[in-house]
């Protein structure tokens with residue numbers, strides 16, 4: 001697929017798949033546009049979010065045009081967001097647009113991720129290190145490809161963490177729909193969801209919740225999950241081992257092909273767990 005096709009505007013893009021459900025409230029005005037939003041339209045959308053979105057340094061977030069690369073630490077992407085609230089956003093770019101929408105949907109978690117990146121980068125700068133390290137590797141995976149998994153059923157959690165995909169998605173389909181839900185978090189995943197493909201995989205972070213969570217409306221579920229993730233990120237140093245690879249298109253109705261049990265026999269996509277220790 002060429003870049004020109006990828007960057008074409010898609011009206012009603014949030015209606016293309018149930019995977020976009022978490023973003024629909026924040027992005028409903030964009031969803032109606034017939035062309036790419038202007039920076040002013042994005043900042044207007046940001047301004048009507050309640051409560052107002054701020055970084056962990058209490059600066060109001062706002063979208064600014066991406067500048068050329070710079071060697072000045074304070075002007076680099078994460079530091080500039082953290083220190084000034086200025087989120088560099090490329091025009092007519094799905095990746096950056098979805099990042100903006102995730103900020104509006106999960107503001108506390110995105111602010112905490114930004115703070116973690118900033119402090120890790122500051123330490124690396126002082127130590128003259130260029131490698132990202134385990135923490136930044138993990139939070140980058142979460143930021144780009146994360147799936148927030150809520151589960152009120154321990155047996156389903158076990159199946160997910162042990163890669164028992166057919167049992168999870170097909171044989172326990174009814175229980176899954178009642179007791180486990182996936183919320184896309186990574187903005188790179190949202191970009192891929194515009195043209196989903198077999199092989200599309202995310203990194204799952206599981207939250208054990210009470211069954212009453214599923215009685216709440218979507219907005220309350222997202223606010224609750226945003227709080228849980230932000231609290232987790234502020235109290236625990238996560239690593240890549242905390243993230244479970246998940247074949248996204250196995251979730252019921254996330255692909256028109258997964259209404260047939262044979263779909264889950266594709267072991268190249270629904271890969272079994274390796275012989276390493278299970279959890």
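The values are calculated or read from the model by the stated rules, or taken from the named source; none is laboratory data. Note that the coordinates shown come from a computational prediction; the quantities given were computed from them, not determined experimentally. Please note: Cβ atoms are built from the backbone with ideal geometry, for glycine as well, and neighbour counts cover all protein chains shown.
Restricting the range 60-82 to residues that are touching a helix residue (DSSP H, G or I) at 6+ places or on another chain (Cβ under 6 Å) and modelled with pLDDT of 90 or more, the residue that is nearest to residue 38 (Cα to Cα) is 63. Checked against the criterion of being surrounded by fewer than 17 Cβ atoms within 10 Å (Cβ to Cβ) and either outside any helix (DSSP H, G or I) or at pLDDT below 95 (or both), the range 143-150 contains not a single residue that satisfies it. Exactly one residue among 161, 167 is surrounded by fewer than 20 Cβ atoms within 10 Å (Cβ to Cβ), at pLDDT 95 or above, in the same structural domain as residue 239 (by TED's automatic domain parsing) and under 19 Å from residue 240 (Cβ atoms), and that residue is 161.
The residues of the range 56-90 that are in contact with a strand residue (DSSP E or B) (Cβ under 9 Å, 6 or more places away or on another chain) and assigned to a loop (DSSP other than H, G, I, E, B), listed by number, are 59, 61, 66, 67, 85, 90. Considering only residues that are closer than 16 Å to residue 226 by Cβ and either buried (at least 21 other Cβ atoms within 10 Å of the Cβ) or without any contact (Cβ under 8 Å) to a residue 60 or more places away in the chain (or both), which ones fall in the range 109-123? Residues satisfying the conditions are 109, 110, 111, 112, 113, 114, 116.
Residue 23 - would you say it is at pLDDT 95 or above, touching a strand residue (DSSP E or B) at 6+ places or on another chain (Cβ under 6 Å), surrounded by 14 or more Cβ atoms within 10 Å (Cβ to Cβ) and not assigned by TED's automatic domain parsing to the domain that holds residue 219? Write out each step before concluding.
Values: at pLDDT 95 or above: yes; touching a strand residue (DSSP E or B) at 6+ places or on another chain (Cβ under 6 Å): no; surrounded by 14 or more Cβ atoms within 10 Å (Cβ to Cβ): yes; not assigned by TED's automatic domain parsing to the domain that holds residue 219: yes.
Taking the combined requirement at face value, the residue does not satisfy it.
Going by the structure shown, is residue 30 modelled with pLDDT of 95 or more and either in contact with a helix residue (DSSP H, G or I) (Cβ under 9 Å, 6 or more places away or on another chain) or part of a helix (DSSP H, G or I) (or both)?
Details: modelled with pLDDT of 95 or more: no; either in contact with a helix residue (DSSP H, G or I) (Cβ under 9 Å, 6 or more places away or on another chain) or part of a helix (DSSP H, G or I) (or both): yes.
No.
If you go through the range 170-185 and keep only what is surrounded by 21 or more Cβ atoms within 10 Å (Cβ to Cβ) and in a loop (DSSP other than H, G, I, E, B), you end up with just 185.
Among the residues of the range 44-55, those that are surrounded by 15 or more Cβ atoms within 10 Å (Cβ to Cβ) and either more than 21 Å from the chain's Cα centre (by Cα) or in a loop (DSSP other than H, G, I, E, B) (or both) comprise 49, 53, 55.
Of the conditions (1) under 27 Å from residue 191 (Cβ atoms); (2) at pLDDT 95 or above; (3) buried (at least 16 other Cβ atoms within 10 Å of the Cβ), residue 213 clears all except one; give me its number. For residue 213, the exception is condition (1).
Annotation for the range 186-206: at least one member residue is in a loop (DSSP other than H, G, I, E, B), modelled with pLDDT of 95 or more and within 21 Å of residue 135 (Cα to Cα).
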